[in-house]
Every structure is written in structure tokens, then in C-alpha cells.
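Participant: Below is one structure. I have some questions about it.
The values are calculated or read from the model by the stated rules, or taken from the named source; none is laboratory data. Note that the structure is predicted; figures quoted are calculated from it, not measured. All Cβ positions, glycine included, derive from the backbone under ideal geometry; neighbour counts span all protein chains shown.
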Amino acid sequence: MAAFGRLSQMLWKSSLTQTRRQFSATAGGHDADSVGTWRKLTWFVALPMVGVCMLNTYLKAKEHANDQPPEFVPYSHLRIRTKRFPWGDGNHSFFHNPHMNPLPTGYEGHDD
């Protein structure tokens, strides 16, 4: 029985060593050309595209900065307050935007 235990330990250790050797042999196989290619793609494609996306977002936000909020329609199934919010006056949500989020009575600061 003890011989079986020693044999299984030897096989287990040898299989781990071979697996470890296989992984370590393939891990260092990066070619210098592929590293340079990915570095160039990062600097000349990915980062300029991030800049273009940032510019697009800025221009769209600037375009819609002076828009009026949508018309308030007091639907009975929307903005139901069965319990007060635990912050502020209890009527404003945590991420309340007075320009876009109406209260149950309408938008704040508008005489509509």
C-alpha cells in the first residue's frame, strides 16, 4: 500500500513539472515584431480613437446643453411616493437632476 502511495506521488509530481515546463516554454515566446506591432497600434490607432470619441461626446453635450426639458404630463402611475427618501426633503431621488427629472408636481423652477 505504501508503494502505491509513493508511485502516485511520483506520477503527480512529474505531471506537474512537465505541465509547468510546457507553460514556461510557451510564455516567453513573444516575437519582437509582434510587440512592436501592438505598440504601434496602441499609439497610432487606439489612442487617437479615444480622442475622437471624447471630442464627439463633448460636441454632442454642448449641442444639447440648452435644450428644454420634455413636457410634463402628470400620469398617475409615474413618480409615486409611498415612502419618503431618507435624504434631503424626501421628495428628490438620490441622482435628481432638476433640469430633466420632474417631481410629482412638475419640474422645479418652471411655471408651466
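Participant: Restricting to the range 63-112, what's the tally of residues that are surrounded by 10 or more Cβ atoms within 10 Å (Cβ to Cβ) and touching a residue at least 40 places away in the same chain (Cβ under 8 Å)?
Facilitator: Qualifying residue count, the range 63-112: 3.
Participant: Counting only residues that are at pLDDT 80 or above, give me the helices (runs of 4 or more DSSP H) lying completely in the range 1-97 with at least 3 of them.
Facilitator: 32-41, 47-63
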